[in-house]
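Q: Sharing a structure here in structure tokens format.
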């Protein structure tokens, strides 16, 4: 059976001849690459923006994309994501130029919620378009009269964009949870 032990306590250090207690210094965690305001975070935002712009450009150059609701949904989702990614990339560039950390809890909350909504919209739109392109190409065998290759390319770019936004979301969510 163990017995409790009493350890001697050292007196707090003296400050200016007084015996005040010094509050412990708060240690800030280092910025993990991929979080807002880092070079990897900026690279992720630029990749998101490039993939969404390519997907948007490929899809909108086809003449028959408005005839399918999933394709219109993809155009709307990647259009919204391109605006979101561009605006956050501009904020990251500014933070890197002035050497500021974007570890503000309100800002990280906004980033995490925005990335979560955008990634869900993009993933849902890409999955819907993938289903339609499989239906057109494999099941109906009507790739000859449709723009299947363009639809597949736009869908692939949307999935790549989702792959680029997911690490941003998880980093922001992790940073928010570890606060």
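All of the numbers you see were taken from the coordinates with simple rules; none came from a lab. Model, not experiment: these values are computed from the prediction. So basically every Cβ, Gly included, is an ideal-geometry build from the backbone, and we count neighbours across all protein chains shown.
Q: In which sequence would 101, 175 go, from the one with the fewest C-beta neighbours within 10 Å to the one with the most? Please report the intermediate quantities before stating the final value.
A: Values: 101 13, 175 22.
Ranking 101, 175 by Cβ neighbours within 10 Å, fewest first, gives 101, 175.
Q: Also: Taking N as the number of residues in segment 39-177, what value does Rg over Cα atoms divided by 2.2 N^0.38 Å take? Intermediate results must be reported in sequence, preceding the final value.
A: Numbers: Rg = 16.6 Å, N = 139, 2.2 N^0.38 = 14.3 Å.
So the Cα radius of gyration is 1.16 times the expected 2.2 N^0.38 Å.
Q: Please give the per residue volume of the convex hull enclosing the alpha carbon atoms of segment 45-103, rounded to a whole number of Å³.
A: Values: hull volume 3.9 nm³, N = 59.
Cα convex hull per residue, to the nearest whole number: 67 Å³.
Q: If neighbour count is taken as other Cβ atoms inside 10 Å, put 56, 44, 140, 176 in order from fewest to most.
A: On the way: 56 22, 44 27, 140 11, 176 14.
By the 10 Å Cβ count, ascending: 140, 176, 56, 44.
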